[in-house]
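The values are calculated or read from the model by the stated rules, or taken from the named source; none is laboratory data. No experiment lies behind these values; they were computed from the predicted model shown. Cβ coordinates were reconstructed from backbone atoms using ideal geometry, including for glycine residues, and neighbour counts include every protein chain displayed. Side chains included, ligands, DNA and RNA excluded: accessible areas come from the protein's heavy atoms. Shrake-Rupley method; radii C 1.70, N 1.55, O 1.52, S 1.80 Å.
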Amino acid sequence: MRKFIKRFYLLLIFILLYAPIVTLVVLSFNNSKTRSKWGGFTTKWYHSLFQNDQILNALSNTLLIAVLSALIATIIGTAAAIGIHNMKSKGRSFMMGINNIPMMNSEIVTGISLMLLFIAAGNIYGNMTGKGSVSLFGFTTILLAHITFNIPYVVLSVMPKLRQVNPNTYEAALDLGASPLYAYFKVIIPDILPGILSGFLLSFTLSLDDFVITHFTKGAGVDTLSTKIYTEVKKGIKPEMYALSTLMFGAVLLLLLFVNYAPKKKESADGLHFSSKAGVAKKVVAVALVAVIFIGGFYAYSGSSAAHSEQVIVYNWGEYMDPEVIEQFTKETGIEVIYDEFETNETMYPKVEAGAVAYDLVCPSDYMIKRMLDNDLLAKINFDNVPNIKNIGKTYLEQSQEFDPTNEYSVPYTWGTVGILYNKKKVKEPVDSWSILWDSKYKDQILMQDSVRDAFAVALKSLGYSLNSTDEKELEEAKDLLIEQKPLVQAYVIDQVRDKMIGNEAAIGVIYSGEAIYTQRENPDLEYVIPKEGSNIWFDSWVIPKNAPNKENAEKFLNFLCRPDIALKNFEYITYSTPNEEARKLIKDEDIRNSKIAFPDISSLKNCETFQFLGDDADALYNRLWREVKSK
């Protein structure tokens, strides 16, 4: 029995370790984009991966930064460890304390402090050269940041090995006539080499996985795998990422097998020697490092070699523009598009406000545009340079006045609603009200948005209040209603509502209309409705920051995006409704062109509102009440 328990425990550990990896591998061969539906075996995501320049560039940046930062940090950290080791006891203890602080510090503190340092350095450099404020953010700042946070880990890895070194050996080498430097390389370094290699591997791993510090120190157009994946939160992670992760896991597995099962050094009958396992491992690692630097450098060079004299720096949601649109604009105008992505309005805003990167064109949501206007961060758009604004429907421009009263600062890009998605096989009754989300017969079959404003919007509208209410009494009522609903809710989700509804795992879900279009394609039993009490009608619109260095180029790109054929391309790529009426006419699929989800009747929007920025005090109140809901 004891033997069985041991084996079962070991099996359980292996399942917990490798079940996620097996799931990842299986999904990389799934013909369907959704995680909850098996669409048959395919290798198309692997083919698509090697045609996706954005992912390949992110991969090359990730590997190149990881290898270079680990190498440089290992050299500096080893030298620092040797220096600290040779200090007196008190000095050594003090320096090790200083060394340990960055490792104990929160990553977000390190990331923000490095960002502020680079901003200050850019301002100093700009003042010295007469260029004003200069943005230094890019590949170099990420590399410097990674070197900085890796050095303490190298010091910590090397120090124990230094304490194990016999000082008499080094003294003996000096007595035999070796120079101090020669003695160090021939005596000390071989003894501490395991610590140096441990420090390098630890640095490489930390750099490879880092997101927080990279996020705060990267510039426009520079992405690593971690930042690229995170920007896909709004639209869902692409299957190409599953394929890439599978290949990376396979490469590591093969390397480990090769290193561990390489032949040991032995002598044959004819006196020939075979390579030792350690020797083979060193050669494999050396070749791998050279290959990574060469391939990463090649991609970095190829990405920058086609530099143009003019450029426009764009900041958009992840997976929110057809890459072919960017290529076409550059081909037609000769203006290079430096493209950067964000994952939420809240992560976009501080970067624009701080001026860490001077963007020319940004795509925030409605309430964030109002906040940026209130804080004087936006420039008026010269519509003489944007004649294609005529293609944007009058209705959408009127709706936009809720956050841009004069229509002078923004141009609608996509729009949609928040409503109820339900499974017609599971829900037989007519659905036209938010009240169905409180129907006890659908217990454990309801999916709610894991978002404070979206969740409160549902409750406030159910009570007949504005979704922009700041009245504490009304918000308390909404909180109580959400707490009352909580036992019926299967899960609070974001993009998972899409997969769960497609896989028939729930009967009802609160969802964005753009996601509802996709879910209907995958599961025809799903239906979408805007409740009669009203809902949120949202807009993502283009704005130009006041510090935009290439304002005219931004307006040229904006005009290009408003062209009907280009707006159609973007609509087909992201599936979110376009406000471009001429583009809608070009949609070939009649069902999509006349879809009540993508283009609902104006009458169904009469009780809908856009989110407003309510101020910091109101935000704090919403967040406090939401915490109370989630904690019950």
Could you tell me what percent of the accessible area of segment 415-548 is made up of carbon and sulfur, with a 1.4 Å probe and every protein chain present? 47 percent
Equivalent ellipsoid semi-axes for segment 32-77, as square roots of 5 times the alpha carbon gyration tensor eigenvalues: give them largest first, rounded to whole Å. 36, 12, 7
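Let me know the Kirkwood hydrodynamic radius for segment 50-115, please, with Cα pairs as the basis and the value in Å to one decimal.
14.8 Å
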Two-decimal ratio, segment 145-215, of alpha-carbon radius of gyration to 2.2 N^0.38 Å: 1.41
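Suppose we keep just the DSSP beta bridges with both residues in the chain; what percent of those would be antiparallel, to 5?
Antiparallel: roughly 60 percent of the beta bridges in the chain.
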May I ask for the Kirkwood hydrodynamic radius of segment 24-146, worked out over all distinct Cα pairs and given in angstroms to one decimal? 19.1 Å
The chain - Rg (one decimal) and Dmax (whole number), Cα, Å: 28.8, 95
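Counting Lys and Arg as +1 and Asp and Glu as -1, each charge on the Cβ, what is the dipole of the chain about the Cα centre in debye, to the nearest 20?
Approximately 3020 debye in magnitude.
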So for segment 334-441, considering every pair of alpha-carbon atoms, how many percent are separated by more than 16 Å? 70 percent
Projecting the Cα atoms of L397, P350, N375 onto the charge dipole of segment 305-457, where Lys and Arg contribute +1 and Asp and Glu -1 at Cβ, the residue farthest towards the positive end is L397
Here, segment 441-485 modelled as identical Cα point scatterers in vacuum has Debye log10 I(q)/I(0) at q = 0.23 Å⁻¹ of -0.77
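What ratio of Cα Rg to 2.2 N^0.38 Å holds for segment 403-542?
1.07
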Value at 222 nm in deg cm²/dmol, rounded to 500, when DSSP H runs of n ≥ 4 in the chain each add -39,500 (n - 2.57): -18000 deg cm²/dmol
Write down the radius of gyration of segment 480-594 and its Dmax, each obtained from C-alpha positions, in Å. 18.4, 54
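Percent of Cα-Cα pairs more than 16 Å apart in segment 118-163, please.
On the way: 574 of 1035 pairs.
Tail of P(r) above 16 Å: 55 percent of Cα pairs.
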Please work out the Kirkwood hydrodynamic radius for segment 385-475, using every pair of different C-alpha atoms, and report it in angstroms with one decimal place. 16.5 Å
With all protein chains in place and a 1.4 Å probe, T205 shows an accessible area in Å² (nearest 10) of 70 Å²
Classify segment 534-587 from the C-alpha gyration tensor, please: rounded if a/c falls under 1.5, else prolate or oblate depending on whether a/b exceeds b/c. oblate
Rounded to the nearest whole number, the Stokes-Einstein translational diffusion coefficient of segment 1-80 at 37 °C and 0.692 mPa s (Kirkwood radius, C-alpha pairs) in µm²/s is 195 µm²/s
In Å, what Rg and Dmax follow from the Cα atoms of segment 85-239? 20.7, 68
Per q in 0.22, 0.27 1/Å, what log10 I(q)/I(0) does a Debye calculation on the alpha-carbon atoms of segment 177-231 return? -0.82, -1.01
With θ taken as phi - 60° and the coefficients 6.51, -1.76 and 1.60, list the Karplus ³J(HN,Hα) couplings across segment 563-570 in order, rounded to whole Hz; mark glycine and proline as x. 5, x, 5, 6, 4, 5, 4, 5
Residues of segment 403-543: accessible area per residue at 1.4 Å, in Å²? 34 Å²
Where does the Debye-calculated log10 I(q)/I(0) of segment 591-632 sit at q = 0.18, 0.26 Å⁻¹, using only Cα point scatterers of equal weight, no solvent? -0.70, -0.87
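Taking the radius of gyration and the Kirkwood hydrodynamic radius from Cα positions alone, what is the Rg/Rh ratio for segment 449-523, to two decimal places?
Details: Rg = 13.8 Å, Rh = 13.4 Å.
Rounded to two decimals, Rg over Rh is 1.03.
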Accessible area per residue of segment 44-151 at 1.4 Å probe, in Å²? 51 Å²
